[in-house]
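The values are calculated or read from the model by the stated rules, or taken from the named source; none is laboratory data. Everything quoted here is computed from the prediction, not taken from an experiment. Reconstructed Cβ throughout: ideal geometry from the backbone, glycine too, with neighbour counts over all protein chains shown. Just so you know, the surface numbers come from the protein's heavy atoms only, side chains and all, with ligands and any DNA or RNA stripped out. Shrake-Rupley method; radii C 1.70, N 1.55, O 1.52, S 1.80 Å.
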Amino acid sequence: SEETTAAAETEAAAEADTEAAETEASEDEEGGSRLDAILDAGVITMATSPDFAPYEFEDISSGTTEYAGADVELGKYIAEQLGVELQIEAMDFNACQGAVSMGAVDMAISGFAYTEERAENCGISDGYITSTVVEQGVIVLKDTAAELNSAEAFTGKKIAVQNASLQQQLRSEQLPESQEEVVTNLNDAIMMLATGKVDGVASDLTVAQQYCDNYPELAISEFRFDYDTEGQRVLVPKGEDALLERINEIIAEVNESGIYAQWLEESTELATSLGLEVNN
């Protein structure tokens with residue numbers, strides 16, 4: 001009868017609503033599980049690639065390896081606000097993203113820009129603000145700087161890029177006629193440039209200036225990649241919504257206070273005093 005059919009449909013709809021609610025609750029519980037585990041353990045693990053001064057680098061001036069940089073300070077601040085200790089796990093830049101996507105670490109902070117590929121594999125925080133707009137360009141030898149001053153000038157030239165980096169994406173999109181040389185860290189790229197194995201190194205220009213200050217034979221090309229930054233990002237495992245929400249709250253506090261600019265200034269001074277050779 002129509003009444004029986006209507007009752008069955010109502011019951012089926014109720015069951016569907018209950019199932020959806022249970023699924024949503026399960027997802028919410030799963031999303032918060034890593035944050036709960038962090039709070040229970042009293043430790044948050046952070047992957048970083050310490051070869052990107054002044055954001056993350058090694059300080060061995062005390063005789064032991066310590067990690068420093070504006071991003072490291074952000075990691076410490078996040079841990080402090082959560083009431084836990086920070087455990088840093090240093091690794092190659094490309095490995096940082098992999099460690100997050102596999103859930104091997106709780107977060108990665110290493111100068112990450114937003115990319116669609118990262119968004120597919122990781123949870124991505126809101127942007128945290130640096131003191132200046134960070135330009136993207138190419139480090140070259142000072143002797144070739146006058147020649148390598150435009151996109152056309154890099155046709156056929158070999159450019160080193162860090163694996164899985166924003167600069168790798170920019171080179172592919174905006175300097176497609178150049179040749180790509182993939183490296184695991186910028187120190188290797190700089191050595192390749194100095195020895196003539198590559199013609200340029202794609203880099204964040206804040207970092208590039210640090211290298212040029214320490215290696216007088218280097219210069220920054222007049223060419224600039226077309227890039228509008230919305231801040232750097234913290235990566236967390238995909239689906240960990242509670243952790244991501246809490247980190248976003250902390251980033252909002254950092255942005256409002258302007259403290260990241262202070263961390264960056266202090267880290268730049270420290271990196272300059274140490275020299276980039278300590279970033280090995």
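The table below lists the values:
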item	result
Single match in Asn187, Asn214, Asn163 (criterion: touching a residue at least 40 places away in the same chain (Cβ under 8 Å) and closer than 19 Å to Ala108 by Cα)	Asn163
Residues (surrounded by 20 or more Cβ atoms within 10 Å (Cβ to Cβ) and out of contact with any strand residue (DSSP E or B) (no Cβ under 7 Å at 6 or more places or on another chain)) located in segment 210-237	Gln210
From the options Val105, Val134, Val100, residue that is within 30 Å of Lys158 (Cβ to Cβ), in contact (Cβ under 8 Å) with a residue 40 or more places away in the chain and either assigned to a helix (DSSP H, G or I) or touching a strand residue (DSSP E or B) at 6+ places or on another chain (Cβ under 8 Å) (or both)	Val134
Among residues of segment 173-194, those that are among the charged types (D, E, K, R), at pLDDT 95 or above and part of a helix (DSSP H, G or I), counted	1
Single residue of Val198, Val207 found to be modelled with pLDDT of 95 or more and either more than 16 Å from Lys76 (Cα to Cα) or surrounded by fewer than 19 Cβ atoms within 10 Å (Cβ to Cβ) (or both)	Val198
Segment 71-94: number of residues that are part of a helix (DSSP H, G or I) and either touching a Lys or Arg at 6+ places or on another chain (Cβ under 9 Å) or at pLDDT below 95 (or both)	5
Residues located in segment 220-256, provided they are of a type in the set (S, T, N, Q) and closer than 28 Å to Ala208 by Cβ	Ser221, Thr229, Gln232, Asn255
Residue match in segment 126-133 (condition: at pLDDT 95 or above, open to solvent by less than 60 Å² (accessible area, probe 1.4 Å) and on the phi < 0 side of the Ramachandran plot)	no
Options Glu253, Glu240: the member that is surrounded by fewer than 22 Cβ atoms within 10 Å (Cβ to Cβ) and either at pLDDT below 95 or acidic (Asp, Glu) (or both)	Glu253
Residue tally, condition modelled with pLDDT of 95 or more and not small (Gly, Ala, Ser), over segment 217-232	7
Pairs where the first residue, in segment 47-69, is open to solvent by 10 Å² or more (accessible area, probe 1.4 Å) and the second is of a type in the set (Gly, Ala, Ser) and not in a strand (DSSP E or B), C-beta under 7 Å, 6+ apart	Ala68/Ser267
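Every residue, every condition in (1) free of Cβ contacts under 8 Å to residues at least 60 places away in the same chain; (2) of a type in the set (Gly, Ala, Ser); (3) in contact with a helix residue (DSSP H, G or I) (Cβ under 7 Å, 6 or more places away or on another chain), yes or no:
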{"residue": "Ser125", "(1), (2), (3)": "no, yes, yes"}
{"residue": "Glu147", "(1), (2), (3)": "yes, no, yes"}
{"residue": "Gln168", "(1), (2), (3)": "yes, no, no"}
{"residue": "Gln174", "(1), (2), (3)": "yes, no, no"}
